[in-house]
1. Quick check on my filter: what residues within the range B:3-17 are more than 10 Å from chain A (Cβ to nearest Cβ) and either in a helix (DSSP H, G or I) or of a type outside the set (Gly, Ala, Ser) (or both)?
2. What single numbered condition from (1) surrounded by 23 or more Cβ atoms within 10 Å (Cβ to Cβ); (2) under 24 Å from B:Val131 (Cβ atoms); (3) modelled with pLDDT of 85 or more fails to hold for A:Ile159?
3. Of everything in the range A:176-215 that's surrounded by 24 or more Cβ atoms within 10 Å (Cβ to Cβ) and among the β-branched types (Val, Ile, Thr), which residue is farthest from A:Pro51 (Cα to Cα)?
4. Give me the residue from the range B:18-68 that is within 28 Å of A:Gly16 (Cβ to Cβ) and without any contact (Cβ under 8 Å) to a residue 12 or more places away in the chain and, out of that set, farthest from the other protein chains (Cβ to nearest Cβ).
5. Can you give me the number of residues within the range A:97-109 that are within 19 Å of the chain's Cα centre (by Cα) and buried (at least 18 other Cβ atoms within 10 Å of the Cβ)?
6. If you go through the range B:131-148 one residue at a time, do you hit one that is more than 22 Å from B:Val80 (Cβ to Cβ), at pLDDT below 80 and not aliphatic (A, V, I, L, M)?
Amino acid sequence: MYPDRKTIRRRRAIFGALVLTSLALLTVWFGEPAGGALHTLQRGAQEVFSPIQTGASRALKPFRDTISWTGDTLSAKGENDRLRGELGQLRQELAATQTARRDVEQLQGFVDIAREDRFPQGTAPVTARVIARSPTVWWSSVQINRGSGDGIAVDQPVITGDGLAGKVTSVTGSTATITLIADERSSVSAQVMPAGADGIVRPEVGNPDDMLLDFVEKGSRIKTGQTVVTSGFSSSRGLESLFPRGVPVGRVKKIDRSELDIYQTVHIEPFAELKRMDFVQVLTAPRAGPGARAEVPNQ
Amino acid sequence: MTLSRSAALRVGLIVLVAVLVQVSVVAQVPIFGGRANLIPVAVAALALFGGSLTGAAAGFVAGLALDLSMGMSLGGSSLVLTFVGYLIGRFAELRDVSHGLLPIAVAAAGTLGYDVAYGAITFMLDIEATVSVLVLRDMLVGVLLNALLALPLFALVRRIVRPLVADGRFEGRPRGRPREAGPIGLRGLEV
């Protein structure tokens, strides 16, 4: 039976209203400041959602681990003999044991990274569990189960046990949203050690395993395998990086030196496993440590 | 298509559970480098069984819930998912949707449409960085995973909403009346 005109008009009107509402939300959301009504509403919704997400995340963790285990097993089939041997061992272990080991490894990473010589001290790290991830393919943000009640605030740096992960962009009482360094809006001032060449780490969107260190002067001697850390600059004009000096970011993988460009582009492999992190640490006092920041002379 | 109040409640519940399970569980399990996405599959299923209005409304609610819970650009996901739900619903209203394997194609098309359109919106709004070709690989893997999940998920959604739909659309297209004719040799003859 073909619908009558009234039904068709009603259908089109509702569809149009939904589209217009979406466009209006998008326009207002981008136009308003971070403290605007829609942003506040969003934070309120996150506050409501967070206990449910935390509960669901914990309740379904065994299920998630089982799927993870299955996925790992399948993808490991194409690996070499050594990995196949390890896979055989992994098959015999219970999913719960694997999960516990993984958790311990990640938490141990935080202890190890804090002991590194260059790592900034006195940053008052707060450890948090990742409870939700953005479902898009852009690897842009995650949500954690700690919020302003734990001392977390917007713009604080976030690390994993391996290196820099991102920064806090939104906080509720009990949760926080982390924008990862793989997000298209991310940029981090960094330098290659030990050469000290400065640049800006930017993502190659969609590939969190490959990042670019841009604006590195051509004369700088950089070699594959060198470590990239945050430069944590501050100037007497009040301009300063959000990230403290010395947080490991990644390792130099490839260097592009085009004769036409003023700068060279350095490809780096980030230390942090952005695709598979379960725990992070928020540095709630990134500016606390004396001598933790490099000074940029006033020019 | 008309939905009773309890049916609308069930549709809303399906959408919210899909969003919750997606962000809390499925999005945290990479498989072959990609991740399944239950949200466009749930919207596609509701649109296929419920029609364009149900599809558009389900898409809008799902997108809004996703944007609110994940701090994403508010309105972006709801815009894309409203279109996905509406178009699949229109397809269901205009074509024969009784084939048993159709959910696979519908889920794949819905997921691909969502990924491509959301990517396009992201580009138009504020992206300023280099984009890796791995995005395409992740999209492809996501589409394939969703296609694999389509049959059980569509069956589950169908099972939940079927008893509540007023006009019996879930039975597929009504069959035409049987021909009023006798055996071939006797057609048209007064016997």
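The values are calculated or read from the model by the stated rules, or taken from the named source; none is laboratory data. Values in this document were obtained by computation on a predicted structure and should not be read as measured data. Ideal geometry is used to build each Cβ from the backbone, glycine not excepted, and the neighbour counts take in all protein chains shown.
1. B:Leu3, B:Arg5, B:Ser6, B:Ala7, B:Ala8, B:Leu9, B:Arg10, B:Val11, B:Gly12, B:Leu13, B:Ile14, B:Val15
2. (2)
3. A:Val192
4. This residue is B:Asp67.
5. The total comes to 2.
6. No: zero hits.
A quick yes/no check of all residues on (1) assigned to a strand (DSSP E or B); (2) at pLDDT 80 or above:
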position	(1), (2)
A:Gly199	yes, yes
A:Asn207	no, no
A:Arg245	no, yes
A:Thr265	yes, yes
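Okay, residues lined up against (1) among the small types (Gly, Ala, Ser); (2) under 23 Å from B:Val131 (Cα atoms); (3) within 14 Å of chain B (Cβ to nearest Cβ):
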| site | (1), (2), (3) |
| --- | --- |
| A:Ile131 | no, no, yes |
| A:Asn145 | no, no, yes |
| A:Ala153 | yes, no, no |
| A:Gly166 | yes, yes, yes |
| A:Ser170 | yes, no, yes |
| A:Glu204 | no, yes, yes |
| A:Glu217 | no, no, no |
